[in-house]
Amino acid sequence: MMNVNHERIILSHGNGGLMMHELIENIFIRHFDNKILREQTDAAILKMDSSTVAFTTDSFVVDPVFFPGGDIGKLAICGTVNDLSVSGAIPLYLSVSFILEEGFPLKDLEKIVLSMKREAQKAKVRIVTGDTKVVDRGKCDKLFINTAGIGTIRKENRPIGSGKRIRTGDKILINGNIGDHGIAVMSARESFNFSTTVVSDCASLNLLIQKILNNCSQVRFMRDPTRGGVATVLNELVRKGNFGIEIDEESLPVSEGVRGMCEILGFDPLYMANEGKVMIVAGARECDKVLSIMKGMKEGRQSAVIGEIVSDHPGKVVLKTITGGKRIIDSLTGEQLPRIC
């Protein structure tokens with residue numbers, strides 16, 4: 001176990017010596033333990049089932065590190081798993097690197113590590129390598145996490161992340177309420193005294209996505225609408241081809257808590273961050289099938305068809321409002337909520 005004289009991270013935990021090895025052995029290895037990680041080599045040697053792999057990396061700097069529905073550790077696992085999954089891959093292995101501020105409580109670090117362990121097990125992925133650095137007090141905001149992920153991908157799924165298969169008439173779906181994560185983090189940070197508690201949607205979506213891909217052949221595109229939200233993904237998508245997008249405001253799944261908070265604070269749910277949502281563009285013939293699969297899983301109970309790929313207004317995203325009007329949805333030009341993931 002850790003030296004009882006040290007209940008907080010100190011600079012010696014990052015110097016490569018005994019205390020760093022104790023930190024790795026007694027917290028990271030103890031909770032992430034598996035045969036590959038136990039080797040503790042600089043690079044993990046992996047046996048892959050396919051010669052085609054997907055590889056991603058991400059960094060997580062959320063403030064606060066604990067929020068309703070999750071923490072920075074769960075967020076790191078879910079974010080990396082989902083980045084692989086929406087690319088059509090099956091996530092297998094993750095790396096995790098920690099940048100720790102001197103003075104960060106060890107009990108909080110262990111709580112975060114345990115959260116990562118649970119989420120990795122739930123997503124059926126393994127954490128196989130990593131790194132740890134400690135910086136002076138004030139040089140980092142508590143804790144930063146960097147991850148990388150590797151997964152296998154079937155040949156037929158390689159174009160999913162590019163959007164090259166999209167055609168007019170395709171439908172746009174999402175697996176549930178938007179904006180929950182952004183509002184949950186903001187509420188935790190600012191300590192708003194509201195009666196409605198919004199919980200982050202932070203979740204790994206690989207099992208849901210794999211079920212869709214295993215049963216549907218007309219999935220044209222997938223993306224997780226994290227920073228910048230749904231609006232940003234739609235604008236990125238519409239720039240990929242000679243088509244427009246129309247979204248139905250009445251069909252957008254938004255919880256009353258998020259809607260109310262956005263009205264009070266002047267935010268638009270379309271631009272709020274999500275961490276457990278996947279947007280899917282599917283062929284019209286398979287739209288109902290995809291929706292049925294999504295609704296049949298815990299992560300997709302509130303799934304909805306929210307729009308369509310159209311030939312009109314190419315290069316633009318148009319929202320059909322509840323009142324019967326239309327307005328253009330632009331990309332997010334500023335930052336609604338800093339330090340969100």
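The values are calculated or read from the model by the stated rules, or taken from the named source; none is laboratory data. This one's a predicted model, so the numbers in the text were calculated from it and none came from an experiment. A quick note on method: Cβ atoms are made from the backbone with ideal geometry, for glycine too, and the neighbour counts reach across all protein chains shown.
Data table
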{"quantity": "Which listed residue is in the same structural domain as R220 (by TED's automatic domain parsing), within 18 Å of the chain's Cα centre (by Cα), outside any loop (DSSP other than H, G, I, E, B) and modelled with pLDDT of 95 or more, from L270, L291", "calculated": "L270"}
{"quantity": "G130 being assigned by TED's automatic domain parsing to the domain that holds Q40, under 22 Å from D224 (Cα atoms) and in contact with a strand residue (DSSP E or B) (Cβ under 6 Å, 6 or more places away or on another chain)", "calculated": "no"}
{"quantity": "All positions within the range 267-306 that are among the aromatic types (F, W, Y) and in contact with a helix residue (DSSP H, G or I) (Cβ under 7 Å, 6 or more places away or on another chain)", "calculated": "Y271"}
{"quantity": "Test: residue in the range 243-264 that is basic (K, R) and under 14 Å from K171 (Cα atoms)", "calculated": "no"}
{"quantity": "Filter pass, T56 being touching an Asp or Glu at 6+ places or on another chain (Cβ under 6 Å), more than 22 Å from C140 (Cα to Cα) and not assigned by TED's automatic domain parsing to the domain that holds D201", "calculated": "yes"}
{"quantity": "Unique residue being surrounded by 23 or more Cβ atoms within 10 Å (Cβ to Cβ), modelled with pLDDT under 95 and within 19 Å of the chain's Cα centre (by Cα) when the list is I183, I127, I212", "calculated": "I183"}
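Residues checked against (1) assigned to a loop (DSSP other than H, G, I, E, B); (2) touching a residue at least 60 places away in the same chain (Cβ under 8 Å); (3) in contact with a helix residue (DSSP H, G or I) (Cβ under 8 Å, 6 or more places away or on another chain):
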residue: H13; (1), (2), (3): no, yes, yes
residue: M20; (1), (2), (3): no, yes, yes
residue: I24; (1), (2), (3): no, yes, no
residue: I29; (1), (2), (3): no, no, yes
residue: Q40; (1), (2), (3): yes, no, yes
residue: L46; (1), (2), (3): yes, yes, yes
residue: F55; (1), (2), (3): no, yes, no
residue: L75; (1), (2), (3): no, yes, no
residue: N82; (1), (2), (3): no, yes, yes
